[in-house]
Amino acid sequence: MIILDGKKTSNDIKEEIAVEVAQLIASGGKKPHLAAILVGNDGASETYVSAKVKACEKVGFNSTLVRLEDTVSEEELLAQVEKINQNADIDGLIVQLPLPKHIDEMKVTEAIFPQKDVDGFHPANVGRMALNLPTFLPATPAGIIELLERYKVETSGKHCVVIGRSHIVGSPMSILMARNSYPGNATVTLTHSRTQNLKEICQTADILIVALGKPEFVTADMVKEGACVVDVGITRVKSDKTKSGWKLKGDVAYDEVAEKCSFITPVPGGVGPMTIAILLKNTLLSSKREIY
Ligand code: NAD
């Protein structure tokens, strides 16, 4: 069994990006610049955004963090987005989700210029992804693709089962795994909360990608011998063994499932760090105007 080490791989990617940024600057180019908007004080969102800002520093990017109260109006948030759209120095903009209930997330996503949408959530970029055109790929699925590629996991002709059909993970994941490219060329089954016989379907998966947000949902009896299992789930659960009082759990019962796998991602240290690495990669692509 080989652990798909997202922490190490993301560090490798960050080093590659840092070298490229240093070369860009040495040849008179400007530093790539990522802006993030954080609304409210949600603990998980704070953690994600600060990890993204820290990663920017590590690779030599500029970063801007705009903090807004959770009472901010949709109008004010849209005005902030527009201000960043118009700022020529900023290459990428992310608005950390989820947003407070009174704000329409899709409206905000659509307000971001597709040229700066380094999360790859704008409908224009989702469409480009579906058509296999150059675009900013959504960071989490693209991070999984990169991990499979760097570990040379065979995907062509394999049966890939994805659990979860969210717009940010499961659905784009199914599109990327079915693309006529490597990694891709898999026969994909996209499953969700209404799927019947989920266990039987999972048992036929050569590659099982799990993104539903239910700790330890996938157990050993659902997994085929020799499968590659990718665990996207991150849930904070209470723990008396850590200083913070909580720990992160994936959607896969790691210990029992790992024994049956050819490859598996741990939580933490698997898909999570890859997501940030791809966000940086997308920001660099944007600063080099390689997509638009
Ligand atoms: P979501 O809540 O938007 O979607 C969950 C999906 O799971 C839905 O499509 C639903 O139909 C499906 N589902 C729910 N119960 C099911 C069941 N019993 N059987 C089959 N399918 C079921 O979730 P999301 O935003 O895609 O996130 C999923 C998990 O991944 C969460 O734990 C989230 O924290 C994590 N996540 C991690 C990263 C990362 O960087 N590692 C990024 C995004 C999300």
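The values are calculated or read from the model by the stated rules, or taken from the named source; none is laboratory data. Bear in mind that the values here come from a model prediction, so they are computed numbers and not experimental data. Here the Cβ is made from the backbone with ideal geometry for all residues, glycine too, and neighbour counts use every protein chain on show. Quick note on the areas: whole protein, heavy atoms, side chains included, nothing else; ligands and nucleic acids left out. Shrake-Rupley method; radii C 1.70, N 1.55, O 1.52, S 1.80 Å.
The table below gives the values:
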quantity	calculated
Number of positions in the range 252-277 that are more than 26 Å from VAL118 (Cα to Cα) and not in a strand (DSSP E or B)	8
Scope the range 190-208; condition under 20 Å from the mean Cα position of the chain (by Cα) and crowded, with 19+ Cβ neighbours inside 10 Å; matching residues	LEU190, THR191, ILE207, LEU208
Enumerated helices (runs of 4 or more DSSP H) restricted to the range 83-194, each holding at least 1 residues that are touching a Phe, Trp or Tyr at 6+ places or on another chain (Cβ under 6 Å)	105-111, 123-130
Top-ranked residue in the range 114-156 [being touching a residue at least 40 places away in the same chain (Cβ under 8 Å) and of a type in the set (S, T, N, Q); ranked as surrounded by the fewest Cβ atoms within 10 Å (Cβ to Cβ)]	ASN132
Which listed residue is open to solvent by 10 Å² or more (accessible area, probe 1.4 Å), within 10 Å of the ligand (Cβ to nearest atom) and closer than 24 Å to GLY170 by Cβ, from LYS260, LYS249, LYS281	LYS249
Filter pass, PRO100 being assigned by TED's automatic domain parsing to the domain that holds GLU76 and open to solvent by less than 40 Å² (accessible area, probe 1.4 Å)	yes
The range 219-238, residues that are open to solvent by 70 Å² or more (accessible area, probe 1.4 Å), part of a strand (DSSP E or B) and either more than 10 Å from the ligand (Cβ to nearest atom) or within 15 Å of VAL153 (Cα to Cα) (or both)	LYS238
